[in-house]
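What follows is a set of notes on a single structure, which appears directly below.
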Amino acid sequence: MGGGQGVNAHSNGGAIQHPRLKGLIFLALCALPLFGASLLWLRGGSPLALAAYGVVSVVAFLLYWADKRKARAEQWRTPENVLHAVELAGGWPGALLAQQVFRHKTRKVSFQVVFWIIVLAHQVFWIDQLFLGAGFFRLF
């Protein structure tokens, strides 16, 4: 079987711990991407960025749900690089929600480090786009 990483048999999702605080953090993290993608669209750009965050977040949420079910059933798991690729493509909000709702992938430090680097990269991208004239990414 794939990825026997010590699934807690008692971890059934349960209630989200500290939901108000986590909700505020979630809204704060989503503010820049939502504002930036909306502004881009309203200024005559493509709505693709805005749509991608929504659609890919749903995909990420479903992937986490499926992976949690596979973990409980001791079946082959969704590779972590697939989860991270979907997060990078704009699905990190859905992934963050799924992590909390399903209590999945929240304790594996190496996974969380990569996840939060992806979230930070999205924040830096939108800070650059909105406040720095997109100058940072022209350096690369």
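The values are calculated or read from the model by the stated rules, or taken from the named source; none is laboratory data. What you see is a predicted model, and the numbers here were worked out from it, not measured in a lab. In this analysis, Cβ positions are derived from the backbone assuming ideal geometry, glycine residues included, and neighbour counts consider all displayed protein chains.
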For CYS30, all conditions in the list (1) out of contact with any His (no Cβ under 8 Å at 6 or more places or on another chain); (2) farther than 15 Å from VAL119 by Cα hold save one; what is the number of the exception?
-> (2)
Given the conditions (1) modelled with pLDDT of 95 or more; (2) farther than 23 Å from ALA31 by Cβ; (3) surrounded by 16 or more Cβ atoms within 10 Å (Cβ to Cβ), report the number of the one that ARG77 does not fulfil.
-> (1)
With the first residue restricted to region 57-70 and required to be of a type in the set (Lys, Arg), and the second required to be surrounded by fewer than 16 Cβ atoms within 10 Å (Cβ to Cβ) and modelled with pLDDT under 95, Cβ contacts under 7 Å at 6 or more apart or on different chains are LYS70/TRP76
Just one of LEU39, LEU27, LEU62 is modelled with pLDDT of 90 or more, under 15 Å from the mean Cα position of the chain (by Cα) and surrounded by 13 or more Cβ atoms within 10 Å (Cβ to Cβ); which is it?
-> LEU62
Being of a type in the set (A, V, I, L, M) and surrounded by 10 or more Cβ atoms within 10 Å (Cβ to Cβ) is the filter; apply it to region 2-20 and report the residue that is modelled with the highest pLDDT.
-> ILE16
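Which ranges mark the helices (runs of 4 or more DSSP H) fully within region 6-97 that have 2 or more residues being of a type in the set (Ser, Thr, Tyr)?
Values: elements: 19-42, 48-72, 80-86.
It comes to 48-72.
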Enumeration of residues in region 44-57 that are closer than 17 Å to LEU29 by Cα and β-branched (Val, Ile, Thr) | VAL56
